[in-house]
Amino acid sequence: QIDYSKKEIKLYRYDSLSNIVFNKSKIYNWKIMFYDRSTKVDNFVPRDKRNLSGCVNFYNSYAKDIEIFSYGSNCEDAINFVNSKGNINKVIISNSNYDAIDFDYSNFDINELTIYKSGNDCIDLSYGNYDILKVDAYECGDKAISVGEASLVKIDNFNSDMSKYSVVAKDFSLLNINKAKIINTETCVSAYSKKQEFSGASIVINNLLCDNYKTNKYQQNGSSIKIKQ
């Protein structure tokens, strides 16, 4: 459903094998809302024939001042950006059965990124540059934020509650967080290498508050974690 006067797009998914792709698109000042009405299946197909993993995919596209909302997802990623760039005003994603949002080979400035209840990772960032003003990640089944594959990421304000692993960087990535507040987690901050072709990662946090955790810091050889305060 497209409302041109309000610049709103409402997307409804009923088939577990279907997805939406914005391909080679220029998207300015649109609000995009996605509703997954499909039934969760155990043998779902994680990627389509183009190797896209999202219910909603932005592929080879440019976005400016957009807002994205996702309610429920039975895809590997609710939202997936691949080889795209631009700036995003707001992202709010709730109740994803697997990952919530994934950025690959992309470059984005993001004002607000909020994730509620994801079965796996809340936020995945890889092979790109990402500058984010505010991140709120709640009830992430695995990682609240995962930065990997030689990415450069800056976050001004990061908040996580009830996530298994809160801040994770790996595989040649560099993550800089100005202020982080983490509550109820197994591991607050982790840096390591996962893929054989890469080495470790680096994390710098200027101000960290972590409360109610099992492990404060996990740092593998070849990685670096610096907490300034």
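Conditions (1) within 18 Å of Asp99 (Cβ to Cβ); (2) within 19 Å of the chain's Cα centre (by Cα); (3) open to solvent by less than 10 Å² (accessible area, probe 1.4 Å); (4) free of Cβ contacts under 8 Å to residues at least 12 places away in the same chain, marked per residue:
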{"site": "Val147", "(1), (2), (3), (4)": "yes, yes, yes, no"}
{"site": "Ala150", "(1), (2), (3), (4)": "no, yes, no, no"}
{"site": "Ala201", "(1), (2), (3), (4)": "no, yes, yes, no"}
{"site": "Asn207", "(1), (2), (3), (4)": "no, no, no, no"}
{"site": "Cys210", "(1), (2), (3), (4)": "no, no, no, no"}
{"site": "Tyr213", "(1), (2), (3), (4)": "no, no, no, no"}
>> Residue under question is Phe158, and the condition is that it be surrounded by fewer than 24 Cβ atoms within 10 Å (Cβ to Cβ), of a type in the set (A, V, I, L, M, F, W, C) and out of contact with any Leu (no Cβ under 6 Å at 6 or more places or on another chain); does it hold?
In response: no
> Which one of these is more than 22 Å from Tyr71 (Cβ to Cβ) and in contact with a Gly (Cβ under 8 Å, 6 or more places away or on another chain): Lys170, Lys85, Lys179?
Replying inline: Lys170
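Considering each of Phe108, Phe44 in turn, give the residue that is at pLDDT below 95, on the phi < 0 side of the Ramachandran plot and among the aromatic types (Phe, Trp, Tyr). Break it down stepwise before answering.
On the way: Phe108 fails: at pLDDT below 95.
That would be Phe44, the only listed residue that is at pLDDT below 95, on the phi < 0 side of the Ramachandran plot and among the aromatic types (Phe, Trp, Tyr).
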> Based on what the data block shows, is Ala191 open to solvent by less than 50 Å² (accessible area, probe 1.4 Å), among the hydrophobic types (A, V, I, L, M, F, W, C), touching a Gly at 6+ places or on another chain (Cβ under 7 Å) and under 30 Å from Asn83 (Cβ atoms)?
Replying inline: yes
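Looking for something farther than 27 Å from Ile183 by Cβ and of a type in the set (Asp, Glu) - is there at least one such residue anywhere in segment 117-137? So that I can check it myself, show each step before the final result.
Filtering segment 117-137 down to residues farther than 27 Å from Ile183 by Cβ leaves 127-129.
Remaining after also requiring of a type in the set (Asp, Glu): none.
No, every residue in segment 117-137 fails to be farther than 27 Å from Ile183 by Cβ and of a type in the set (Asp, Glu).
The values are calculated or read from the model by the stated rules, or taken from the named source; none is laboratory data. On a predicted model such as this, the values are computed, not experimentally measured, just so you know. As a convention, Cβ positions derive from the backbone with ideal geometry for all residues, glycine included, and neighbour counts pool all protein chains shown. SASA here: full protein model, heavy atoms, side chains in, ligands and nucleic acids out. Shrake-Rupley method; radii C 1.70, N 1.55, O 1.52, S 1.80 Å.
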